[in-house]
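Peer 1: The structure's right below; bear with me while I get my questions together.
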Amino acid sequence: MTLERDNELQREKVKENEEKFLSLQNKHEKALETWKKHVEELNGEINEIKNELSSLKETHTKLQEHYEELCDQKKFEEDKKFQNLPEVNTEMSVEKSENTIIQKYDSRQEVREENTESCCLDTEYREKEEKKEAPFIEEIIIGNEGNLRLY
């Protein structure tokens, strides 16, 4: 009789263990589904950010092109004004010749013209503008392993 009782207790214990195992297996499957949903959501957010970044880059490029066009137009208008005034035109040519610097380098003469009238070729201005923009530019790199890196 005790043997039957022991067997019955063991069967009950096995049954309890099976129920615990099934419960844990269900919890694991639910957690896995939740994890997969989170991964999908994060990938969707990453794609949205990529699209937004691409759009911002396009906008920046268009603005840069527009800025350069405006500078070219302004320079053209200024040149046109100066061509219409003969006195100013001769003053400009005198000023340009004064700004020309002749340097000797390795027995050759190198001529460099410094044009202080330039609107778009002013490197100091561009450097200042790039420094202003620098804090707002971030690069997102997504590696093959799925790691996100923000630069």
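Peer 1: For GLU12 and PHE76, calculate 0.36 nm times their separation in residues minus their Cα-Cα distance, and state this gained length in nm to one decimal.
Peer 2: Net length gain for the segment: 13.5 nm.
Peer 1: Want the number for SER23 to GLU41: 0.36 nm per residue separation, take away the alpha-carbon distance, what's left?
Peer 2: Full extension from SER23 to GLU41 adds 3.8 nm.
FYI, it's all coordinate maths here, none of it is from the lab. Worth saying up front: this structure is predicted, and the values here are computed from it rather than measured.
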